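Data block below; observations after.
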Amino acid sequence: MEYKDYYKILGVDRKASRDEIKRAYRKLARKYHPDVTKEPDADQKFKEMGEAYEVLKDPEKRAAYDQLGAQWQAGQEFHPPPGWDAGFESSRGGFSTGDASAFSDFFESLFGRGFSGVSGGKTVFRSRGQDHFAKVMIDLDDAFHGATRPITLKMPELDTQGILHTKQRTLNVKIPKGIKQGQHIRLAGQGSPEMEGGTSGDLYLEVTFRPHSFYRVEGRDIYLDLPVAPWEAALGATVKIPTPQGKVDLKIPPGSASGRKLRLKGRGIPASTSGDLYAVIQLVTPPANSEQDKALYRKMERELQFNPRRSWGV
């Protein structure tokens with residue numbers, strides 16, 4: 001697949017500023033616009049210019065092109081970072097409208113097929129910056145009570161001279177009560193600014209929970225592995241267990257087997273219909289460290305006549 005040198009197409013240096021890129025594009029656009037030129041191959045040149053400008057005018061796409069696109073010159077296959085395509089394809093900003101042939105295979109390999117660009121012979125730009133996508137890790141407790149947490153992101157940014165830099169940004173993010181793992185928090189106007197003077201894009205944060213020492217989460221339900229002694233499982237018992245909302249008494253029915261789920265309705269992540277908490281019984285065998293312990297096990301062996309493999313018939 002052909003590598004495209006976007007800087008060469010626009011006739012600018014690789015360190016060109018935002019304003020230099022804009023001026024170069026506008027000068028070439030006046031020369032090769034299909035409505036005003038009789039130059040041979042004007043349509044193709046105009047399309048290539050639009051593609052090059054779409055990348056170089058946007059800090060995030062330019063950073064991807066500069067860092068990864070050059071691998072194509074050595075004949076290597078391009079492998080974007082995990083989630084890179086998804087971020088661009090889901091974006092609502094940038095070069096737009098519905099002709100899927102407006103971009104080359106090279107462009108689509110870098111940024112996915114979520115872009116198109118020529119309509120009625122005219123190049124169209126949206127007056128809105130690029131959306132950004134990131135993940136934020138929160139504590140399970142935040143989903144129960146809500147919280148405000150600072151997060152730090154590294155994002156590409158153009159300085160006043162139009163030079164691309166990576167800058168750290170710290171934002172205070174409000175975590176709403178009842179949020180689920182995988183949900184997104186939208187921060188309006190915190191994405192990339194629009195070079196043409198329009199509104200900035202948005203920042204979308206995908207929520208994931210930090211691993212917890214007791215609980216695991218599935219949707220709005222919470223699971224707790226509950227260690228149970230053999231006599232508690234066999235005879236039944238009432239034990240105290242932790243929940244994210246405090247300790248509760250849980251009744252273990254007689255004859256409970258390992259793996260049995262005991263449901264506490266409404267003790268999961270809160271919502272209009274809250275999730276549940278499931279205590280999963282895990283049978284724990286006492287150790288036989290002393291002679292007295294061993295003697296007790298031998299007595300159980302003699303008197304209970306229990307064979308857990310009896311159903312096998314071997």
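Brief remarks follow.
- Of all the listed residues (V284, V280), the sole one being β-branched (V, I, T), under 21 Å from R220 (Cβ atoms) and over 29 Å from the mean Cα position of the chain (by Cα) is V280.
Conditions (1) modelled with pLDDT of 50 or more; (2) of a type in the set (G, A, S), marked per residue:
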site	(1), (2)
G11	yes, yes
Y25	yes, no
Y32	yes, no
M49	yes, no
V55	yes, no
Q73	no, no
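- Matching residues, region 1-46, being among the aromatic types (F, W, Y) and touching a Phe, Trp or Tyr at 6+ places or on another chain (Cβ under 8 Å): Y3, Y6, Y25, Y32, F46
- Single residue of region 185-196 satisfying the filter (closer than 22 Å to D142 by Cα and exposed (fewer than 13 other Cβ atoms within 10 Å of the Cβ)) that is modelled with the highest pLDDT: R186
- Of all the criteria given as (1) in the same structural domain as S272 (by TED's automatic domain parsing); (2) in contact (Cβ under 8 Å) with a residue 40 or more places away in the chain; (3) buried (at least 16 other Cβ atoms within 10 Å of the Cβ); (4) among the hydrophobic types (A, V, I, L, M, F, W, C), the one not satisfied by A237 is (2).
The values are calculated or read from the model by the stated rules, or taken from the named source; none is laboratory data. Not measured: the values here are computed from a predicted model. A quick note on method: Cβ atoms are made from the backbone with ideal geometry, for glycine too, and the neighbour counts reach across all protein chains shown.
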